[in-house]
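J.: Provided herewith is a single structure, encoded as structure tokens, for subsequent inquiry.
The values are calculated or read from the model by the stated rules, or taken from the named source; none is laboratory data. Predicted, not measured: the structure shown is a model, and the values here were computed from it. FYI the Cβ positions are ideal-geometry reconstructions off the backbone, even for glycines, and counts take in every protein chain you see. We work out accessible area using only protein heavy atoms, side chains counted, and drop any ligands, DNA or RNA first. Shrake-Rupley method; radii C 1.70, N 1.55, O 1.52, S 1.80 Å.
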Amino acid sequence: MLPRFLTGFGIFVVYYIIVVFLFLVIRALFHPPRELFRKMLHIMCAMSIFIILHEFDTWYLAILNLAIFTLLLYPIIGYLERFPKIMEVLVQRKSGEIRWSLVLIYVAMSILIVIFWGWLGEQWKYIITASIMAWGFGDSLAALVGKAYGKNIVKSRYTDGKKTVEGTITMFLAAFIAIFIVLLISTSFPWYLCLLAASIVAPICALVELISHHGFDTITVPLSVAVPLYFIMVLFSFMGV
């Protein structure tokens, strides 16, 4: 068990080393906009869920991997924050932002892993994938579109005054596509039921993202996908379709 865990952990660490290196090269050569660079890192962090779900044999080793990685990386990032030029390269907008984001995404992944792998069983792991992909691509694209093209601010006491109609629509579309593709690949349900499930869950996901504040959409959005999606899948199974 230990050799398998160490292999998985090593692959996880190497993945991040390669991703950060490639992204720094991309930034140096092509100078992408700051927000685009931030969201590219955001998506690559979400993509790490594939390593977690495929390189670890048990749910508790997957969580152990996340815990150790966070405990090692958190103080390293804290030390690097002493050097503003380095954090400028990593596009950190305020002190502690990267560390806080790191904790939130791995808390979200851990909650999903405990429920949809450890508690309900390995056959539900695809819900973890769908939830993280909907959040990763949906939140990133919504922010990019909202900042670049958003002209209609959603005015409500439940929002932070920065969310736009254009960004929310993008969130819905990206989440819909992500959920549909994951279900189509990972389940035996016909495409039209996968389409129906995505059509029901994606609006919930977009609404939760709209009213979430202070970065907590990193937790609330994946859960807003996972919970209704689980009950929909159970319903489909109960109906024998």
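J.: When the Cα atoms of region 137-190 are enclosed in a convex hull and the volume is divided per residue, what value in Å³ results? Intermediate results must be reported in sequence, preceding the final value.
T.: Details: hull volume 4.7 nm³, N = 54.
Cα-based convex hull of region 137-190, divided per residue, equals 87 Å³.
J.: Can you tell me which aspartates and glutamates have their Cα less than 18 Å from the Cα of Lys125? Leave out same-chain residues fewer than eight positions away.
T.: Reachable aspartates and glutamates: Glu55, Asp57.
J.: Please get the size of the charge dipole for region 115-241, origin at its Cα centre, with Cβ charges of +1 on Lys and Arg and -1 on Asp and Glu, quoted in debye to the nearest 20. Write down the numbers at each step before the final one.
T.: Working: 7 positive and 6 negative charges, 69 e Å.
Around 340 debye, computed over region 115-241.
J.: Taking only protein heavy atoms and a 1.4 Å probe, what accessible area per residue, in Å², does region 88-227 have with all protein chains in place?
T.: Roughly 47 Å² per residue, with all protein chains present.
J.: Go through region 151-180 and name the chymotrypsin sites (Phe, Trp or Tyr not before Pro) that are in a DSSP coil and have 12 or fewer other Cβ atoms within 10 Å of their Cβ.
T.: On the way: sites: Tyr158, Phe172, Phe176, Phe180; in loops: Tyr158.
In loop regions of region 151-180 (DSSP not H, G, I, E or B), the sparsely surrounded chymotrypsin sites (Phe, Trp or Tyr not before Pro) are Tyr158.
J.: Relative contact order of the chain, please, whole-number percent, based on alpha carbon pairs below 8 angstrom and at least 6 residues apart.
T.: On the way: 260 pairs, mean separation 42.9, N = 241.
It comes to 18 percent, rounded to a whole number.
J.: List the longest stretch of the chain that has no exposed loop site; here a site is one of the trypsin sites (Lys or Arg not before Pro) assigned by DSSP to anything other than H, G, I, E or B, with at most 13 other Cβ within 10 Å. Numbers along the way, then the final one.
T.: Working: sites that count: Arg82, Arg93, Lys94, Lys151, Lys155, Arg157, Lys162.
Answer from the scan: 1-81.
J.: Shifting gears a bit: Run the numbers for Glu122 and Met47: contour at 0.36 nm per residue of separation, minus the present Cα-Cα distance, in nm.
T.: Values: separation 75, 0.36 × 75 = 27.00 nm, distance 1.91 nm.
This chain segment gains 25.1 nm when fully extended.
J.: To continue, here is another question. State the percentage of accessible surface on region 1-152 attributable to carbon and sulfur atoms; use a 1.4 Å probe and exclude ligands, DNA and RNA. Intermediate values should be presented prior to the final figure.
T.: Working: 5780 of 7920 Å².
It is 73 percent, rounded to a whole number.
J.: Only four residue types carry charge here, +1 at the Cβ of Lys and Arg and -1 at the Cβ of Asp and Glu. Report the dipole size of the chain about the Cα centre in Debye, rounded to the nearest 20.
T.: Numbers: 17 positive and 12 negative charges, 150 e Å.
Rounded to the nearest 20 debye, it is 720 debye.
J.: Can you list the aspartates and glutamates whose alpha carbon is less than 17 Å from that of Lys155, not counting same-chain residues fewer than 8 positions off?
T.: Leaving aside aspartates and glutamates fewer than 8 places away in the same chain, those within reach of Lys155 are Glu166, Glu209.
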